[in-house]
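A quick write-up on the structure given underneath.
The values are calculated or read from the model by the stated rules, or taken from the named source; none is laboratory data. Source: prediction; values computed, not measured. Here Cβ is always computed from backbone atoms with ideal geometry, including for glycine, and neighbour counts include all displayed protein chains.
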């Protein structure tokens, strides 16, 4: 017996399960970023705005490609914002921490402060503004770093996310801005 047959391939071991945050983000980014993803579907996703009901395209993409069940009603808006950001062109690139990308893109510290201090009812609008900024700059982010801003309801976990993003932001600010 060949010993390499008993071991999983590198590809198999690096693909996260679909029901985890990494799995869902990877699938969503793969579907929306695929060259054959219909332009009409991308346009429908891009026309959406926070506070509106998700377009049917969101439900179709989610149910056919991401998961057999829709996200919970409390999580649907957050997942729609993630979907919208991907459709807008803010691609998923592992290792591109949100705070670092914002610092390198010269995102205003005051805007970041408003985003991180925002109550949950204001957060979608501020996050949408952030996505428009990143899309205009042609930036990709690690959505695994950004998604918890939208998906986390627990106060302590939210604070941990805020601290991580702020730390990355200030560590990577250009020298002249730190002083």
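Quick notes on this structure:
- Filtered by the rule that a residue be part of a loop (DSSP other than H, G, I, E, B) and either free of Cβ contacts under 8 Å to residues at least 40 places away in the same chain or more than 13 Å from the chain's Cα centre (by Cα) (or both), region 60-111 gives 67, 68, 69, 70, 71, 72, 105, 106, 107, 108.
- Residue 91 being loosely packed, with under 14 Cβ neighbours inside 10 Å and out of contact with any strand residue (DSSP E or B) (no Cβ under 6 Å at 6 or more places or on another chain): no
- Meets criteria (in contact with a helix residue (DSSP H, G or I) (Cβ under 6 Å, 6 or more places away or on another chain) and in a helix (DSSP H, G or I)) for residue 173: no
- Exactly one residue among 54, 50 is more than 21 Å from residue 23 (Cα to Cα), within 17 Å of the chain's Cα centre (by Cα), at pLDDT below 95 and surrounded by 14 or more Cβ atoms within 10 Å (Cβ to Cβ), and that residue is 50.
- Selection count where residues are part of a helix (DSSP H, G or I) and touching a helix residue (DSSP H, G or I) at 6+ places or on another chain (Cβ under 8 Å), scope region 41-59: 8
- Subset of region 143-162 (residues that are more than 10 Å from residue 99 (Cα to Cα), buried (at least 17 other Cβ atoms within 10 Å of the Cβ) and either in contact (Cβ under 8 Å) with a residue 60 or more places away in the chain or touching a helix residue (DSSP H, G or I) at 6+ places or on another chain (Cβ under 7 Å) (or both)): 143, 144, 147, 148, 149, 150, 151, 152, 161
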